[in-house]
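Heads up, the thing below is written out as structure tokens.
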Amino acid sequence: MPGAASKALIDIRAVTKSYFSGSVETKVLFGVDLQVERGDFIAVMGQSGSGKSTLMNILGCLDQATGGDYFLDGENTLALSRAQLAEIRNRTIGFVFQSFNLIKRMSVAENVALPLIYAGVPRGRALAKAAVELERVGLADFGKRTPNQLSGGQQQRVAIARALVGDPPLILADEPTGNLDTQTSDEIMRGFQALNRERGITIVLVTHEPDIAAWSRRLVRLKDGRVLYDGPAQEGLRQLAASHEHLVHGQTQESEA
Ligand SMILES: Nc1ncnc2c1ncn2[C@@H]1O[C@H](COP(=O)(O)OP(=O)(O)OP(=O)(O)O)[C@@H](O)[C@H]1O
Ligand SMILES: [Mg+2]
């Protein structure tokens, strides 16, 4: 029973992904393997177009692989119905995005409570849990504001509180510091580190910045839809610095080898 054999939180095997536009196939992932244990803290790096977001969307069950296997918390996601997939996603994963994705016409507290309200939790209880999470990210006094009355870093902390409100074991974050300055980025990363160390939350985040990836324990580098490196972050970043990939305007560009 392959499902029962997998204890990892995330276990993908030989995952391929193609996008189809009519009869035209664009291959993006070419057989990616990735096992993520509970408590892992992983940074995913790679050039623009290497497939990072595509991979994250598959990990988050927001999109389906074209081929291969994906076990999430021991469940074979390919065998699940849409409703079952939504259920395991809500239970297991909190999402954080580059652009925060907060709803502007709702209060901060309502934004944080929303995943619980969607999951059928009574409004009062959802708002009480939202208040707890807002306090944990240092925004206890900001619940009544609307998102546009907050700084970028504060908005991202609201998004992190929203991601955590359902107590998922896993956070998936696609360039969470991409819109933030260096100091604010460091504050956000310190927060992720605390979540990982103190609450045991598993974190997989995409970044273009070696300084951001350095907060993680493990680095996965993608190149043209394949895993180029998967190992300790320090060693991976050392290899990256020594490689021909240079950072240009927040994106990696490769010179001719
Ligand atoms: N919905 C789609 N339809 C067709 N092609 C797509 C689609 N989404 C992504 N692609 C293509 O797949 C490849 C990988 O895209 P992806 O967004 O995963 O890259 P990325 O590594 O996240 O890049 P970036 O660092 O710029 O965010 C790109 O060539 C992109 O054009
Ligand atoms: Mg991307």
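Descriptive notes on the structure:
- Listed cross-link partners K7/K27; K52/K144; K104/K144 are compared with a 24 Å cut-off, the Cα-Cα value being larger for K7/K27; K52/K144.
- The residue among L72, L114, L180 whose Cα reaches farthest toward the positive pole of the charge dipole of the range 2-254, with charges on the beta-carbon of Lys, Arg, Asp and Glu, is L114.
- If you take the Cα centroid of the range 171-228 and the Cα centroid of the range 91-141, the two points sit 21 Å apart.
- With the Kirkwood sum run over all distinct C-alpha pairs, the chain has a hydrodynamic radius of 19.0 Å.
- Rounded to the nearest 20 debye, the dipole magnitude of the range 2-254 is 700 debye, with +1 charges on Lys and Arg beta carbons, -1 on Asp and Glu beta carbons, and the Cα centre as origin.
- Apportionment of accessible area to carbon and sulfur, the chain, percent (1.4 Å): 48
- If R0 is 22 Å, the Cβ-Cβ spacing of R38 and R145 corresponds to a FRET efficiency of close to 0.05.
- Where the chain is the region considered: accessible area per residue in Å², 1.4 Å probe: 50
- Dipole of the range 2-254, positive end: most advanced residue of L170, G31, S50 [Cβ charges, Cα centre]: L170
- For V44, the residues 5 or more places off, or on other chains, whose built amide H falls under 5 Å of its own are L205, V206, T207, V220.
- Kirkwood hydrodynamic radius (C-alpha pairs) into Stokes-Einstein, the range 139-245, 10 °C and 1.306 mPa s, D in µm²/s: 105
- Simple label model, 7 Å out from Cα along Cβ direction - D63 to A86, nm: 2.1
- Viscosity 0.890 mPa s, temperature 25 °C, Stokes-Einstein D of the range 203-247 from Kirkwood C-alpha radius, µm²/s: 229
- Cβ crowding within 10 Å averaged over residues, with 202-215, 30-43 ranked highest first: 202-215, 30-43
- Computing FRET efficiency as 1/(1 + (r/R0)^6) for Q183 and S99, where r is the C-beta to C-beta distance and R0 is 25 Å, gives about 0.80.
- Packing order of peptides 83-89, 68-74, highest average first: 68-74, 83-89 (average count of other Cβ atoms within 10 Å over each peptide's residues).
The values are calculated or read from the model by the stated rules, or taken from the named source; none is laboratory data. Being a predicted model, the structure only gives us computed values, none of them experimental. Methodologically, a virtual Cβ is constructed for each residue, glycine included, from the backbone with ideal geometry; neighbour enumeration extends over all protein chains shown. These accessible areas exclude ligands, DNA and RNA; they are computed on the full protein's heavy atoms, side chains included. Shrake-Rupley method; radii C 1.70, N 1.55, O 1.52, S 1.80 Å.
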